Amino acid sequence: MDEIYDVIIVGAGASGLICALECARDGLEVLVLEKDPQPARKVLVSGNGRCNLTNRNVSPTYYYTDPALIEKTLAQFSFQKCWDYFTDLGVLLTEEAQGRVFPASGKSTAITEALKTALKEHEVDIRYATQVTHIRTAAAQFIITTQQKDVFRAHHVVLACGSYAYPQVTGTQAGYQLAQSLGHTLIPPHPVLSGMCLKERALTRLSGIKCQVRTTAKTTPPTCAEGELIFTNYGINGPAVLNISHAVSCALENGPVPVEINFFPQLENPEKFFQQRLAKFGNRKPKDFFTGLLNEGIINLLIDFKGLKKNAPINTQDTQRIFATLTAWPVTVTAMRPWQEAMAAAGGVKVSEINYNTFESRLHPGLFVTGELLDVDGKSGGFNLHFAWASGYIAAQTIKEN
Ligand SMILES: Cc1cc2nc3c(=O)[nH]c(=O)nc-3n(C[C@H](O)[C@H](O)[C@H](O)COP(=O)(O)OP(=O)(O)OC[C@H]3O[C@@H](n4cnc5c(N)ncnc54)[C@H](O)[C@@H]3O)c2cc1C
């Protein structure tokens, strides 16, 4: 317990590793404490093992938090900065649809190995299987105790513990507890970026069907997303569901949440389209009338539920009702899928208790809180990792200056 580190970083995840590397590059004595036997496991599983590490379009609109925090964060660590940072670490990157960026190798290990190699080159001390259980302040120092009963001292501490999401892969409440023990306020965490359970059990019949839709959560204000939706044996999942999950997860506090699914988001004037189709195919049987418009399973379900005669030519009014349903199909979300399936958490350490320019705690000079442990969550598309890198990087710049 004799050595006093310049900085101890709790958590070898996305924000902790970049923070450690930046501090070490400036010659600081850095110690990283990680409860797992290996670093950055969430980064490894991110993007289906491909790691969608940032997004060209990153801006406050993709985050749920105070926009001023994201503005200040991006002013110091922009998309280009992130791209250059990993390129300088030796990773070849590639940009895909909607500005999403991945390592060109198609493997998240490109990112984790690049970080590990750079950390090794700077001889950063990372202790694995070491869980921090207590942090206290004493005479401008932090005294850190681990589950293994080790005690460490440091001038600066970075809480980079991540959120409770995906507990089977490092997700933990430990960071919340450490922050609270130091006087920080916790905004109750909710699972986000996960599938949703529906009241309408009949829809399980559609399990496995994928379609391009627009979803609208009837929250205040309503929240929309466009993209792929996948029917599952519990309800719905896919990008068009993930990107309304923040609003739905928060609204579920007050009971089930209505959501509408529009199966024809590409139609500017659905009514006109329907009339034209009716003029052309009005003599067809119901199923044939809808064939070519959307998945057969969905058509069959609707025909059954609306009680349409399968072998007679369509009844214009019934067909109109079905078409109207298809542009605003009402479903009811009763629950989010459990934390084990959530890719992120809404809620976390209250952001007004940290300095937006530095990520330093306003309660304890020398203490920093970064990444998903904060009450910041982004939409699907690389925004959560961008924030984790950015906050870890920015915290390091302040630590280096002190
Ligand atoms: C399945 C999945 C897919 C994802 N895909 C993407 C994606 O493609 N793009 C994207 O932007 N985001 C993605 N995310 C989210 C992204 O991985 C996280 O937002 C990001 O890793 C958060 O970084 P962090 O540094 O805050 O925390 P983490 O990366 O979670 O790291 C926290 C670390 O702290 C350690 N720790 C916690 N408490 C303690 C303690 N008390 N003592 C010691 N160590 C501790 C943990 O073991 C962990 O290693 C995904 C998440 C999941 C679960």
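Only the coordinates and a few stated rules stand behind these numbers; no lab work does. Small disclaimer: the values here were computed from a predicted structure and weren't measured. Quick reminder, even Gly has a Cβ in these numbers, built from the backbone with ideal geometry, and neighbours come from all protein chains shown.
Of all beta bridges DSSP finds with both residues in the chain, what is the antiparallel percent, to the nearest 5? Mind showing how you got there, number by number?
On the way: 48 of 65 bridges.
Close to 75 percent.
Take the eigenvalues of the Cα gyration tensor for the stretch 100-244, scale each by 5, and report the square roots as semi-axes in whole Å, largest first.
Numbers: eigenvalues 323, 97, 40 Å².
Each semi-axis is the square root of five times an eigenvalue, giving 40, 22, 14 Å.
So how far apart, in nm, are the two label points at E96 and N283 if each is 7 Å from Cα heading toward Cβ?
4.7 nm
Quickly work out the Q266-to-D150 label distance, labels modelled 7 Å from Cα along the C-beta direction, and quote it in nm with one decimal.
That separation, rounded to one decimal, is 5.7 nm.
Convex hull over the Cα atoms of the chain, averaged projected area in nm²?
20.8 nm²
Among the listed pairs K42/K379; K81/K107; K350/K379; K107/K218; K120/K379, give every one whose C-alpha distance is greater than 28 Å. Walk me through the numbers on the way to the answer.
Numbers: K42/K379 17 Å; K81/K107 21 Å; K350/K379 19 Å; K107/K218 38 Å; K120/K379 33 Å.
Pairs exceeding 28 Å: K107/K218; K120/K379.
Give me the one-decimal Kirkwood hydrodynamic radius in Å for the stretch 195-337, with the sum taken over alpha-carbon pairs. Spell out each step's value before the answer.
Values: mean 1/r = 0.0638 Å⁻¹.
Computed over the stretch 195-337, the radius equals 15.7 Å.
May I ask you to list the trypsin sites (Lys or Arg not before Pro) in the stretch 58-166 that are in a DSSP loop and have at most 11 other Cβ atoms within 10 Å of their Cβ?
Values: sites: K72, K81, R100, K107, K116, K120, R127, R136, K149, R153; in loops: K107, K149.
When the trypsin sites (Lys or Arg not before Pro) of the stretch 58-166 are filtered for loop state and at most 11 Cβ neighbours within 10 Å, K149 remain.
Roughly how compact is the stretch 150-222, stated as its Cα Rg over 2.2 N^0.38 Å to two decimals?
Numbers: Rg = 19.6 Å, N = 73, 2.2 N^0.38 = 11.2 Å.
Output field value: 1.75.
Once the Cβ-Cβ distance between I4 and T109 is put in as r, and R0 is 35 Å, what FRET efficiency do you end up with, to the nearest 0.05? Present the calculation step by step, with values, prior to reporting the outcome.
Numbers: r = 35 Å, r/R0 = 0.99.
That pair, I4 with T109, gives E of 0.50.
Just to verify a number: FRET efficiency for D26 and F273, C-beta to C-beta distance, R0 = 56 Å, to 0.05? Mind showing how you got there, number by number?
On the way: r = 61 Å, r/R0 = 1.09.
Using R0 = 56 Å, I get an efficiency of 0.35.
Given labels modelled 7 Å from the Cα in the Cβ direction, how far is it in nm from Y356 to D88?
Modelled inter-label distance: 2.6 nm.
Can you find, among G195, V349, I303, the residue sitting farthest towards the positive end of the charge dipole of the chain, where Lys and Arg contribute +1 and Asp and Glu -1 at Cβ?
With unit charges placed on the Cβ atoms, the residue in question is I303.
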